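Every read-out reported here was derived from the displayed coordinates using simple, explicitly stated rules and does not represent laboratory data. These figures come from a predicted structure and were not determined experimentally. Here the Cβ positions follow ideal geometry from the backbone for every residue, glycine too, while neighbour counts run over all protein chains shown.
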Amino acid sequence: ERSSHSIVSLSNGSRANLPVIDLDPGNPTVFEEYWRRMGDKCRVEIPGCDLMSYKAPTGNVCWFLLPELVEAIRGLYRVVGNAVVDERHLVVGTGSRQVFQAALYALSTPASLKPIHVVSAAPYYSSYPEETDYLCSRLYKWGGDAKQYDTNKSGAFIEVVNSPNNPDGCMRLPVVEDSFGQGKLIHDLAYYWPQFTPITSPADHHLMYFTFSKCTGHAGSRIRWALVKDREVAVKMTTYIELNSLGVSKDSQFRTAKIIELLCNDYQKFGLDVSNSFFEYGNRVMAERWKNLRDVIGRSDVFSLPTFERQYCCFLGRPSRPYPAFAWLKCKEEIEDCGSFLRGYKYRRAKREAFWS
Ligand code: PMP
């Protein structure tokens, strides 16, 4: 099919009322207004003598994880119901790249003669190949589109399942046919939050990770965490982070814990009337942005957007549609490269091929 795609970020900026489509890489400042309204409620003060140690007073496998953050994250999943958190080890990292590398390290085999292939079904998050290969590791290497991966020819693999998927917003399951049980899975659930997609059931995978960046929009804190079933894997991930950065900023962990706590308290306070909760607010904002974008795209013969079915969201307690943080914009037949076409009309586009937010 002669068509091409470009990605529009719907999660950056707060300029929903202006007739501007900003194709810059998404920066999830879209929720800034909500946090501004929270005023001093999220203010954190850290006395000079606090949080000085590398270690955290914790019995966790992840020895630098603050107990306040453990409590907050576990509470958050109890409120939102988007992942199974009981009997899971929590591992905290600095942003997705560190946690991704930690997961690859933990799932690969140092004694193996060949690097294990890392794959994801196309269209995949465009940073995965670069993140996998930039260290030229002898443990793992990028193996391309999971849909094309042949285990008989190429052997063991790690499949990254990003659900909802950046860039096309679809919910995903693993795709590699793994008749000989040679595969390992990483579930990147960055966008599995009620503002972006209906929460249909708690995710329950061996290794899944989430990010504070997309959960509340606080990308600057660089807090990401993994929920890991297998203790050995959690230990190896912790070792990677220990060797890489000797832990994760306690200041950031502390602030993250405070913000998540506030979010959960609000929900508990408002009970079933979640209209004032952060996620309900986020869902409304995303719905409005999608409406605006669909209105504009609907006037064009050239572009189209994916459509998504309504599904019951257990958290919102009503049917809802996916409102992905990205729009997978499709150009019709006669245009071969959607990106160049938009550039021709002076739409701003990401500076690099790898779109990220
Ligand atoms: N994973 C995916 C699928 C993403 O889309 C993004 C942001 N664009 C990230 C990871 C980055 O997350 P973080 O801020 O935690 O590094």
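List of remarks:
- Condition met for residue 248 (of a type in the set (Val, Ile, Thr), within 14 Å of the ligand (Cβ to nearest atom), assigned to a strand (DSSP E or B) and surrounded by 19 or more Cβ atoms within 10 Å (Cβ to Cβ)): no
- Checking each residue in region 75-100 for being within 22 Å of residue 201 (Cα to Cα), assigned to a helix (DSSP H, G or I) and in contact with a helix residue (DSSP H, G or I) (Cβ under 6 Å, 6 or more places away or on another chain) picks out 75, 76, 79.
- Exactly one residue out of 269, 214 is of a type outside the set (Ser, Thr, Tyr), outside any loop (DSSP other than H, G, I, E, B) and surrounded by fewer than 23 Cβ atoms within 10 Å (Cβ to Cβ), and it is 269.
- Across region 136-156, the number of residues qualifying as buried (at least 21 other Cβ atoms within 10 Å of the Cβ) and in a strand (DSSP E or B) comes to 2.
- Complete set of residues in region 211-237 that are β-branched (Val, Ile, Thr) and within 9 Å of the ligand (Cβ to nearest atom): 211, 223
- Boolean, residue 209 is in contact with a strand residue (DSSP E or B) (Cβ under 8 Å, 6 or more places away or on another chain) and farther than 25 Å from residue 84 by Cα: no
- Restricting attention to region 159-186 and to residues that are more than 15 Å from the ligand (Cβ to nearest atom) and either under 28 Å from residue 305 (Cβ atoms) or touching a residue at least 40 places away in the same chain (Cβ under 8 Å) (or both), the residue that is surrounded by the fewest Cβ atoms within 10 Å (Cβ to Cβ) turns out to be 173.
- Some residue of region 102-116 being basic (Lys, Arg), under 19 Å from residue 204 (Cα atoms) and assigned to a loop (DSSP other than H, G, I, E, B): no
- Contact map, region 55-77: first residue in contact (Cβ under 8 Å) with a residue 60 or more places away in the chain, second residue acidic (Asp, Glu) and outside any loop (DSSP other than H, G, I, E, B), Cβ cut-off under 7 Å, separation 6 or more or different chains; pairs are 72/261.
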